[in-house]
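Below is one structure, written out as structure tokens, with a few remarks after it.
The values are calculated or read from the model by the stated rules, or taken from the named source; none is laboratory data. Predicted, not measured: the structure shown is a model, and the values here were computed from it. FYI the Cβ positions are ideal-geometry reconstructions off the backbone, even for glycines, and counts take in every protein chain you see.
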Amino acid sequence: MSKEPQYKRVLLKCSGEALLGNQQYGIDVETASRIARDVKQAHDMGVEICIVVGGGNIFRGVSGTAQGMDQANADYMGMMATVMNALALQHAIEKEGMDSRVLSAIPMATVCEPYIRRRAERHLERGRVVIFAAGTGNPFFTTDTAAALRAAEMKCDALVKGTNVDGVYDKDPKKFDDAQRFETLTHLEVIAKDLKVMDAAAISLARENNIPILVFSIHDEGSFSNVLCKEGKFTEVK
Ligand code: UDP
């Protein structure tokens with residue numbers, strides 16, 4: 001029996017770090033291709049997909065401020081980094097035969113489209129994979145918050161967050177053998193227990209808009225489409 005997706009439209013949050021592969025810095029093309037193949041599996045099941053990509057593999061605002069840079073300035077640099085990642089992902093996605101558009105919150109007319117909600121909506125209806133770049137377009141925010149914001153604007157049925165581990169734990173499972181994994185949580189529990197799922201602004205926005213968050217490992221091939229069918233390992237925040 002073929003797998004049945006449980007969602008019609010989802011937003012995938014892909015961190016910049018996920019694009020590192022085994023590198024210390026930058027974009028690993030093979031990793032981008034693997035993520036694109038996972039997106040293709042989900043797309044083939046008829047799910048409408050939008051993506052918010054981070055920038056941590058290239059530049060994070062905090063690394064600039066640590067060197068004495070003005071935060072707003074450093075954050076704009078971080079947002080530029082997400083545009084580079086978005087273009088790399090677009091290339092990988094189109095190589096898999098899907099049509100896609102990059103929409104940037106900071107207008108960059110010669111590089112990609114500006115973010116216009118109705119246009120994004122139209123692209124999704126036409127089966128294009130929409131990649132949202134430049135976060136929210138504002139300093140002092142993160143791409144997690146951008147993911148929750150765009151998921152709300154696009155009326156997504158779920159926000160699917162790809163991480164390095166297969167769900168939400170009470171402490172870092174890579175450091176602690178006795179870390180406990182959660183199957184389900186509420187948005188409020190995530191905030192009250194200060195669990196490292198997404199920042200509090202993102203969780204609150206998802207909660208206010210009744211958007212469930214599914215946390216899974218982006219490194220396990222095929223896991224994205226499994227999660228959309230509620231199969232495999234993931235934590236659901238609802
Ligand atoms: N950023 C920002 N506003 C936003 C989104 C991102 O200023 O709305 C900046 C911020 O400096 C951040 C960087 O862009 O550190 C990269 O994004 P993020 O750290 O969220 O990427 P990820 O951790 O997902 O790779």
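Does Gln6 satisfy the criteria of being surrounded by fewer than 21 Cβ atoms within 10 Å (Cβ to Cβ), in contact with a Gly (Cβ under 7 Å, 6 or more places away or on another chain) and in contact (Cβ under 8 Å) with a residue 12 or more places away in the chain?
Spelling it out, it is not the case that Gln6 is surrounded by fewer than 21 Cβ atoms within 10 Å (Cβ to Cβ), in contact with a Gly (Cβ under 7 Å, 6 or more places away or on another chain) and in contact (Cβ under 8 Å) with a residue 12 or more places away in the chain.
Restricting attention to region 121-137, and to residues there that are under 17 Å from Lys155 (Cα atoms) and within 16 Å of the ligand (Cβ to nearest atom), which single residue is surrounded by the fewest Cβ atoms within 10 Å (Cβ to Cβ)?
Thr136
Name the single residue, out of those in region 59-93 being more than 8 Å from the ligand (Cβ to nearest atom) and among the β-branched types (Val, Ile, Thr), that is surrounded by the most Cβ atoms within 10 Å (Cβ to Cβ).
Ile93
Would you call Leu103 more than 10 Å from the ligand (Cβ to nearest atom), modelled with pLDDT of 95 or more and within 23 Å of Ala202 (Cα to Cα)?
Answer is yes for this residue.
Mind telling me which of the residues Val52, Val39 ends up being closer than 20 Å to Ser223 by Cα and within 14 Å of the ligand (Cβ to nearest atom)?
Val52
For region 22-36, what are the residues that are outside any loop (DSSP other than H, G, I, E, B) and within 16 Å of the ligand (Cβ to nearest atom)?
Thr31, Ala32, Ile35
Can you find, within region 173-195, the residue that is farthest from Gly232 (Cα to Cα) among those that are in contact (Cβ under 8 Å) with a residue 12 or more places away in the chain and part of a loop (DSSP other than H, G, I, E, B)?
The extreme case among them is Lys193.
Specify the residue that is farthest from Arg128 (Cα to Cα); the eligible residues are those in region 5-17 that are assigned to a loop (DSSP other than H, G, I, E, B) and in contact with a Leu (Cβ under 9 Å, 6 or more places away or on another chain).
Here the answer is Gln6.
What pairs come up if the first residue lies in region 35-63 and is in contact (Cβ under 8 Å) with a residue 60 or more places away in the chain, the second is among the aromatic types (Phe, Trp, Tyr) and buried (at least 23 other Cβ atoms within 10 Å of the Cβ), and their beta carbons are under 6 Å apart, counting only those six or more places apart or on different chains?
Listed by first residue and then by second, the contacts come to Asp38/Phe224; Ala42/Phe224; Val52/Phe132.
Scan region 153-165 and give yes if some residue there is modelled with pLDDT of 95 or more, more than 16 Å from the ligand (Cβ to nearest atom) and not in a loop (DSSP other than H, G, I, E, B), otherwise no.
Checked region 153-165: at least one residue is modelled with pLDDT of 95 or more, more than 16 Å from the ligand (Cβ to nearest atom) and not in a loop (DSSP other than H, G, I, E, B).
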